[in-house]
Amino acid sequence: MIKWLNDPLNWTNPGGIIERLQEHLLIMAGALPLAVAIAWPIGISLGRSRVGGNLVVLLSNVTQAIPVLALLTVLPLTALGFGKPSVIVALAVFAIPVLLATSFTAMREIDPEIRDAARGMGLSSWQRLWGVELPLAVPYLAAGFRTAAVQVAATAALASFVNGGGLGTIIAAGFGLGLAAAGGQILAGGLLVVGLALFVDGMGALLQRAVTPRQLRKAKRA
């Protein structure tokens, strides 16, 4: 494994680590915004109405019950075809449950007295949402995004099954050559996926801290 990673050609050649990492990040950059665009509006609106708890549980359970590998098998047979579009949609579906649940919880955990105070100040519904509720919900939203990003980073390795590229292609190519000939390559590919997931988690922690208002950080420490 170390020998394979130390070979510069395995990094720079076509289909090497750098190219596969770029593909992996491109898949993540497509799946995460798509999942956020679907999950957050639903979770926030249901959380504000305080009547959609059962619907959130139902939607989360339904999406969680669909295996990513099954989606990667079915979606290429649709108009999406083989390649990155199918992978992006499959991973977006995979990321929706945690984003939906955390955004719903973020709205439900806001103190009703704060809402009443904002309403008493004459703020409209949109003003309360953007000026009061969302800033308070940021820690939950950031935590959900961090978790979803790590899940997508790790699961995107399955993209190689449908010609979607990514770091998983290194692992798949190694298995194609056999354990005896390419065991180091397989281990290296797995290590790269794990390393990327850990990096994403670390960056997510920094982002979560950066977007959390200082007053909320102090309250959490207290």
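Worth a mention:
- Residues that are on the phi < 0 side of the Ramachandran plot, surrounded by fewer than 18 Cβ atoms within 10 Å (Cβ to Cβ) and over 14 Å from the mean Cα position of the chain (by Cα) occur at least once in region 138-154.
- Residue, nearest to Ser160 (Cα to Cα), within region 2-17, restricted to residues that are open to solvent by 80 Å² or more (accessible area, probe 1.4 Å) and hydrophobic (A, V, I, L, M, F, W, C): Trp11
- Inclusion of Gly176 among residues that are farther than 16 Å from Ile18 by Cα, among the small types (Gly, Ala, Ser) and either without any contact (Cβ under 8 Å) to a residue 40 or more places away in the chain or open to solvent by 20 Å² or more (accessible area, probe 1.4 Å) (or both) is warranted.
- Within region 7-43, tally of residues that are assigned to a helix (DSSP H, G or I) and among the acidic types (Asp, Glu): 2
- Count of residues meeting criterion [surrounded by 15 or more Cβ atoms within 10 Å (Cβ to Cβ) and touching a residue at least 12 places away in the same chain (Cβ under 8 Å)] in region 118-133: 5
Matching residues to (1) touching a residue at least 12 places away in the same chain (Cβ under 8 Å); (2) of a type in the set (Phe, Trp, Tyr); (3) assigned to a helix (DSSP H, G or I):
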{"position": "Leu136", "(1), (2), (3)": "yes, no, yes"}
{"position": "Ala153", "(1), (2), (3)": "yes, no, yes"}
{"position": "Ala159", "(1), (2), (3)": "yes, no, yes"}
{"position": "Gly164", "(1), (2), (3)": "yes, no, no"}
{"position": "Thr169", "(1), (2), (3)": "yes, no, yes"}
{"position": "Ile186", "(1), (2), (3)": "yes, no, yes"}
{"position": "Gly202", "(1), (2), (3)": "no, no, yes"}
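- Lone unmet requirement of (1) in a helix (DSSP H, G or I); (2) among the hydrophobic types (A, V, I, L, M, F, W, C); (3) out of contact with any Asp or Glu (no Cβ under 9 Å at 6 or more places or on another chain) for Leu123: (1)
- Within region 18-35, the set of residues being farther than 19 Å from Leu198 by Cα and either touching a Leu at 6+ places or on another chain (Cβ under 6 Å) or open to solvent by 60 Å² or more (accessible area, probe 1.4 Å) (or both) comprises Glu19, Pro33, Leu34, Ala35.
- For region 179-195, the tally of residues that are hydrophobic (A, V, I, L, M, F, W, C) and either open to solvent by less than 10 Å² (accessible area, probe 1.4 Å) or within 13 Å of Glu23 (Cα to Cα) (or both) stands at 3.
- Residue match in region 62-69 (condition: open to solvent by 60 Å² or more (accessible area, probe 1.4 Å), within 30 Å of Glu109 (Cα to Cα), modelled with pLDDT under 80 and part of a loop (DSSP other than H, G, I, E, B)): yes
- Evaluating Gly47 against the criteria (1) farther than 30 Å from Ser160 by Cα; (2) crowded, with 20+ Cβ neighbours inside 10 Å; (3) modelled with pLDDT of 85 or more leaves one unmet condition, (3).
The values are calculated or read from the model by the stated rules, or taken from the named source; none is laboratory data. Note that the structure is a prediction, hence the values are computed from the model and not measured. Quick reminder, even Gly has a Cβ in these numbers, built from the backbone with ideal geometry, and neighbours come from all protein chains shown. In case anyone asks, the SASA skips ligands and DNA or RNA and just uses the protein heavy atoms, side chains included. Shrake-Rupley method; radii C 1.70, N 1.55, O 1.52, S 1.80 Å.
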